[in-house]
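Everything below concerns the one structure shown next.
Derivation of every value follows stated rules applied to the coordinates shown; laboratory data play no part. As the structure is a prediction and not an experimental result, all values here were calculated from the model. Reconstructed Cβ throughout: ideal geometry from the backbone, glycine too, with neighbour counts over all protein chains shown.
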Amino acid sequence: MKKCELLVIIQQTQVKPVLRFIDKIEYMMINYPLKEGKIIQPFGRDASDDPIYKEFYKIFDYKHCGIDFDTEIGTNVYAAFSGIVVRAENHEGMGNVIGIRNGNLVGLYAHLSEIGVILGQLVSTGDLIGKSGATGKACPKPHLHFELRDLTKSSLKEMVFEPIFEKEIDRYKDTFTYTVNNKNTQKTLRSLSKLYFGTQNYWELIKIANGFDFDESIVLEEASEIIIPNYN
Ligand SMILES: [Zn+2]
């Protein structure tokens, strides 16, 4: 009897990584991150003559890289789509910012007064993740800046794109390929886990997805292509 139970446990452990790849979402839809809130700055607005935004939008050719919603400080902010928390930090321009990844897409929620999630946390669409605010230098008055990034692109300028709410996002991919760039920091399975899953704990998932047999701390070969699986 005891032997039998042990066998079952071993089998479950062995199939676990395989099961993780079966339940893929093939489409993505994004909700509004607020219950209500007027759009005060659309995506792509020219900010070249704005004294505050100019500095921060330079890398985006001075175009607004997200959508701004008018909010009062302390307004509930909800996850526009499900995912894993990959950023929960204070950034010079964006202030308190949360980043949530699903496949190749990252949603950023900026200038928050409160961050209600932690790195590596799994969130569902509509979960309360924080409170809006006016933190960060690129924030002349309280608002929520919501930004979408496509991680299949190589530069920040190409990554940002206009969020269209409550419609299918056709550029969504459940998995994508990262091309190793060791210029600024040396990339390992651990560091890629931190980058795309918020913590270092997911390195084995990347290792399995790529069929690697080396250690999580080995520096990855420059320009090699790494499959980044989704968190589920
Ligand atoms: Zn903005």
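In percent, what relative contact order does the chain have, based on Cα pairs under 8 Å that are 6 or more apart in sequence? Worked out over the chain, it gives 20 percent. Close amide H partners of Asn104, meaning residues 5 or more places away or on another chain with modelled amide H under 5 Å apart, are Lys173. For the chain, a crude dipole built from +1 on the beta carbon of Lys and Arg and -1 on the beta carbon of Asp and Glu, taken about the Cα centre, is about 420 debye to the nearest 20. Among Phe146, Ile40, Phe161, which residue has its Cα positioned farthest towards the positive end of the charge dipole of segment 39-161, with +1 placed on the Cβ of Lys and Arg, -1 on the Cβ of Asp and Glu, and the dipole taken about the Cα centre? It is Phe161, whose Cα lies furthest towards the positive end.
Filter the chain for me: DSSP H helices, axial length by Cα at least 15 angstrom, mean Kyte-Doolittle hydropathy not below -1.0. List them by residue number. What comes out of the filter, once short or polar helices are dropped, is 2-22. Just tell me which aspartates and glutamates come within less than 20 Å, Cα to Cα, of Lys131; anything on the same chain fewer than 8 places away is out. Within the straight-line cut-off, Lys131 pairs with Glu36, Asp68, Asp70, Glu72, Glu89, Glu92, Glu114, Glu147. Each Lys and Arg Cβ is given +1 and each Asp and Glu Cβ -1; about its Cα centre, segment 175-232 then shows a dipole of about 240 debye. Placing a pseudo-label 7 Å from each Cα along the Cα-to-Cβ vector at Val180 and Lys157 gives an inter-label distance of 2.8 nm.
Going from the alpha-carbon gyration tensor of the chain, what semi-axes, largest first and in whole Å, does one get by taking the root of 5 times each eigenvalue? Present the calculation step by step, with values, prior to reporting the outcome.
On the way: eigenvalues 241, 88, 48 Å².
For the chain, the ellipsoid semi-axes come out as 35, 21, 15 Å.
Only helices enter the 222 nm calculation for the chain: every DSSP H run of n ≥ 4 contributes -39,500 (n - 2.57), and dividing by all residues gives -6000 deg cm²/dmol, rounded to 500. Put in order of Cβ neighbour count within 10 Å, fewest first, the listed residues Asp46, Asp170 become Asp170, Asp46. Length, then width, then depth: along the principal axes, the Cα atoms of segment 175-232 run 30, 21, 20 Å. Each residue of segment 48-60 was assigned a 3J(HN,Hα) from its phi angle through the Karplus curve 6.51 cos²θ - 1.76 cosθ + 1.60 (θ = phi - 60°); the sequence is 5, 9, 8, x, 7, 6, 3, 4, 7, 9, 4, 5, 9 Hz, with glycine and proline shown as x. The charge dipole of segment 92-157, taken about the Cα centre with unit charges on the Cβ atoms of Lys, Arg (+1) and Asp, Glu (-1), comes to about 200 debye, rounded to the nearest 20.
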